[in-house]
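Data block below; observations after.
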Amino acid sequence: MNANSKDLSAGLLFIAIAALFAFQTRDLDMGTPLRLGPGAFPLLLAGVLALLGLIIVLQAFRNPVTHSMTIPWRGIVLIVLAPIVFGLTVRGLGLVASIALVVLISAYASRRMHLKLATLLTIGLTLFCVLVFSIGLGLPLRLVGSWLRGLG
């Protein structure tokens, strides 16, 4: 039986991630239908993700593709690298520089990205994140970190 390998692998990945999340909710209280506990929402989201994965797997067998697929390694590496860089730099660089760095890294995951668009994305998303997380939500994140204070 032929299957679209791209859809099949994506669907199986969704199901595996859903299973991991569902497994992690085993020690949390589910509550009752009228008063949901802390484990109910993550388990519900895991169920929805597993259902989407199953639908994608079924579509893989319904619409097989005969051509081979190339794996976009550049995009995969840069998208995986971006949150790691954020986690490693947010305290030292501060929110503004860390967000700007992460947006630049993830923007170049696309081969169609150019400097002007990357700059506009960086400015816009950095401003948005500062407004939402620092001003709107009041998260205790420094806008400028200790690594940059000595430069100014």
**Prompt:** When ranked by the protection proxy of mean other Cβ atoms within 10 Å per residue, highest first, what sequence do the peptides 132-140, 13-21 form?
**Reply:** 13-21, 132-140
**Asked** Taking the Cα centre of the range 5-104 as the origin, how large is its charge dipole in debye, to the nearest 20, when only Lys and Arg (+1) and Asp and Glu (-1) carry charge on their Cβ atoms?
**Response** 140
**Complete:** With residue 118 itself left out, Lys, Arg at +1 and Asp, Glu at -1 over residues whose Cβ is under 15 Å from its Cβ give +4
**Request:** If a/c stays under 1.5 just call it rounded; otherwise compare a/b with b/c (prolate if a/b is bigger, oblate if not). Do that for the chain, with a ≥ b ≥ c from the square roots of the Cα gyration tensor eigenvalues.
**Result:** oblate
**Request:** Pick out, in residue order, every one of the trypsin sites (Lys or Arg not before Pro) in the range 29-120 that is DSSP loop and has at most 16 other C-beta atoms within 10 Å; say none if there are none.
**Result:** 35, 111, 112
**Prompt:** Using the alpha-carbon atoms, what tilt in degrees (0 to 90, nearest 10) does helix 40-62 show relative to the longest principal axis of the chain?
**Reply:** 60
**Request:** Show the residues, 5+ positions off or on another chain, whose built amide H is closer than 5 Å to the amide H of residue 144.
**Result:** 95
**Item:** In order through the range 141-151: 3J(HN,Hα) via Karplus (6.51 cos²θ - 1.76 cosθ + 1.60), integer Hz, x for Gly, Pro
**Value:** 10, 6, 6, 10, x, 5, 5, 9, 5, x, 7
**Asked** Long-range amide H contacts for residue 36: which residues qualify at under 5 Å (H placed 1.01 Å from N, peptide plane, sequence gap of 5 or more or a different chain)?
**Response** none
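The numbers here are math on the coordinates, done by the rules we state, and not lab data. Treat the numbers as computed from the prediction; the structure is a model and nothing was measured. Heads up, the Cβs are rebuilt from the backbone with ideal geometry, glycines too, and the neighbour counts pull from every protein chain shown.
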